[in-house]
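Working notes, structure below.
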Amino acid sequence: APPCPGDLLGSMAAIPLPRRLSPRPLQIHSVDPLQNTLFRKHRLEPIVFAWPTPDKKILRVSAQIYNTPAQYEALAIVFRGMRS
């Protein structure tokens, strides 16, 4: 489910992730293993961080002029594949 109404989304969105996608709690100032995987396997660079507690994660996506629609579509495809 969307974390907020669509009209509250701007150039940046923070999306709560299911625990199964990044189950290990983060250490302070460490890069989340999911974030590393997204970059190494798919060359995607959204930020994954703990919020509001170490065992819950947020995916932060930022829309900038240098990003292309294809990059956002690739991110969606990766996450759709993680659902199964």
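Odds and ends about this structure:
- Relative contact order for the range 37-83, counting Cα pairs under 8 Å that sit 6 or more residues apart, in percent: 24 percent
- Each helix, a run of at least 4 DSSP H residues, gives -39500 (n - 2.57); summed and divided by the residues of the chain, these come to -9000 deg cm²/dmol at 222 nm.
- Average accessible area per residue (Å²) across the chain - probe 1.4 Å, nucleic acids and ligands excluded: 75 Å²
- Sulfur and carbon atoms: percent of accessible area, the chain [1.4 Å]: 60 percent
- Cα gyration tensor shape of the range 12-84, rounded if a/c is under 1.5, else prolate or oblate by comparing a/b with b/c: prolate
- Here the Karplus relation 6.51 cos²θ - 1.76 cosθ + 1.60, evaluated at θ = phi - 60°, turns the backbone of the range 70-76 into coupling constants of 4, 5, 5, 5, 5, 4, 4 Hz, with x for every Gly and Pro.
- Mean separation of Cα contacts under 8 Å (6+ apart) over length of the chain, as relative contact order %: 31 percent
- Computed label-point distance, nm, for sites Gln27 and Met12 using a 7 Å Cα→Cβ extension: 2.7 nm
The values are calculated or read from the model by the stated rules, or taken from the named source; none is laboratory data. Being a predicted model, the structure only gives us computed values, none of them experimental. Cβ atoms come from the backbone with ideal geometry, glycine included; neighbour counts cover every protein chain shown. Areas reflect the complete protein model, heavy atoms only, side chains present, ligands, DNA and RNA absent. Shrake-Rupley method; radii C 1.70, N 1.55, O 1.52, S 1.80 Å.
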